[in-house]
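What follows is a single structure, written as structure tokens, with notes after it.
Every read-out reported here was derived from the displayed coordinates using simple, explicitly stated rules and does not represent laboratory data. Bear in mind the structure is a predicted one, so any value in this text is a computation, not a measurement. Cβ placement follows ideal geometry from the backbone for every residue including glycine, while neighbour counts extend to all protein chains displayed.
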Amino acid sequence: MFASATMLFSCTKDNGNTGRAIEDRDLSNKANVQVINSTLGSQRTFVYADGQRLNGAALIYTNSTTNTGSGLTYALEPGLRSFMVRDTLGTSVQPVLTFAEDFQANQKYTIFLYDTMRTIKQKTVLNQIETPDPQTAHLRFANFVWAKNATLPNVDVFSKKLNQNIFTDVPYTDVTGFIAHPFGADSLFVRQTGMAANLASVAINPLPQEIYTLVYRGGGAFTRSVGVFENH
């Protein structure tokens, strides 16, 4: 259940593709930026950096297509970049989201899109990534589950394999650092902090020396679930 792909772009325009950046496999001195979408109800969402469209397929989040378009990584020029996130349907209730980020060369970032399509938000984090040792993978946890007019409780993540919490007391919109975790099959359970009832669960099978982001999302009419995305 891993969503993983890498798309590498320079800032050169492809004139045959409405301004979408073309492929460039030279990663030197670039900022690598991953986009993960947890915006409930989003259907035709595209991300633009300095006016150039990044994702080829639309970002979609419904109960049956939670991972569509998410988890891809883009190589961007370092420096101040202007982003726009929008639904391509002119009558969409999703507002245009604009923001700017100052990226450093040879650093890795993740842009999390979350909330609902009517109130889409974003959070950008610097990925502090180190190569795991041969017997482990690295995991981090992001809490972007949604609730209408409610104060969301902090959550823990329990590992069946280790028989203990591996993340504790994680508040809404928080993204933890990476931790070492044994490779191989495991079942993880999201629980309200200090409670035993499961709010969501996910079966994982991380590979040795690989790095993953777990995203708790959903809420309201959308099933609460945990998405698993590979980091590069």
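Could you name the aspartates and glutamates whose alpha carbon sits less than 16 Å from that of Lys30, not counting residues in the same chain fewer than 8 places away? Hits, sequence-local ones excluded: Asp50, Glu77, Glu101, Asp102.
Among Phe167, Phe99, Phe189, the largest mean-square fluctuation in a Gaussian network model of the chain, built with springs joining Cα atoms closer than 10 Å, belongs to Phe99. For mean projected area of the Cα convex hull in nm², computed directly from the structure shown, the correct entry in (i) 12.7; (ii) 31.8; (iii) 15.5 is (i).
Beta bridges per DSSP, both residues in the chain: antiparallel share near 75 percent. Phi angles of the range 75-83 translate, via the Karplus equation with coefficients 6.51, -1.76, 1.60 and θ = phi - 60°, into HN-Hα couplings of 9, 10, 5, x, x, 6, 10, 9, 10 Hz per residue; Gly and Pro are given as x. A Gaussian network model of the chain, with springs between Cα atoms under 10 Å, assigns the largest mean-square fluctuation among Glu77, Glu210, Glu130 to Glu130.
Projected label points at Thr124 and Ser28, each 7 Å from Cα along the beta carbon direction, are separated by 2.5 nanometres.
Result for the chain in a Gaussian network model with C-alpha springs under 10 Å: among Val125, Val202, Val93, the largest mean-square fluctuation is at Val93.
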